[in-house]
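Student: Quick one: the structure is below, and I'll ask about it shortly.
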Amino acid sequence: MLLTSQFKSLSLTNPFLHGATAPFKPAAPPPPPSVVPVIKAMRTLQGRVVCATSDKTVAVEVTRLAPHPKYKRRVRKKKKYQVHDPLNQFKVGDVVQLEKGRPVSKNKTFWAVPVPSRPSSKPEVGEEAAPPQGLGIPLESEMKQV
């Protein structure tokens with residue numbers, strides 16, 4: 001009883017003691033970004049069709065380079081994916097791009113998309129190749145025979 005009366009008689013000189021509010025306002029948290037970037041890691045892969053016998057499904061083999069765990073040399077790693085092909089348009093040997101989407105079945109989460117063809121330096125079947133620009137020296141077959 002004697003102790004509690006002593007504490008009641010004490011007056012606090014500092015306004016910050018015992019839960020008194022601070023004279024400043026804490027900074028408001030920053031607003032969230034308006035556009036959140038979408039992470040596209042492992043969303044697209046590219047591979048070659050190895051089996052197209054199933055209906056609306058193709059098996060695609062994706063090859064990637066990974067370092068060997070012991071020798072650190074880059075080696076080819078292959079993995080086969082079951083890919084959804086709704087139009088049955090891909091044949092064995094076609095190069096396709098795999099787009100990740102919602103699961104279609106237990107094993108299929110990728111959709112097959114055709115890869116746009118790259119311009120090739122080789123001439124088409126109907127076109128003739130231009131002669132290579134050499135050193136200006138005629139070939140033996142082009143020289144006139146005397």
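Readers should treat all values here as calculations from the given coordinates under stated rules, not as data from a laboratory. As the structure is a prediction and not an experimental result, all values here were calculated from the model. All Cβ positions, even for glycine, are placed from backbone atoms using ideal geometry, and neighbour counts span all protein chains on display.
Student: Given the conditions (1) farther than 22 Å from Arg118 by Cα; (2) small (Gly, Ala, Ser); (3) touching a residue at least 12 places away in the same chain (Cβ under 8 Å), which single one is not true for Ala66?
Tutor: (3)
Student: Same structure again: State the number of residues belonging to the range 68-88 that are of a type in the set (D, E, K, R), more than 30 Å from Lys56 (Cα to Cα) and assigned to a strand (DSSP E or B).
Tutor: Matching residues across the range 68-88 total 1.
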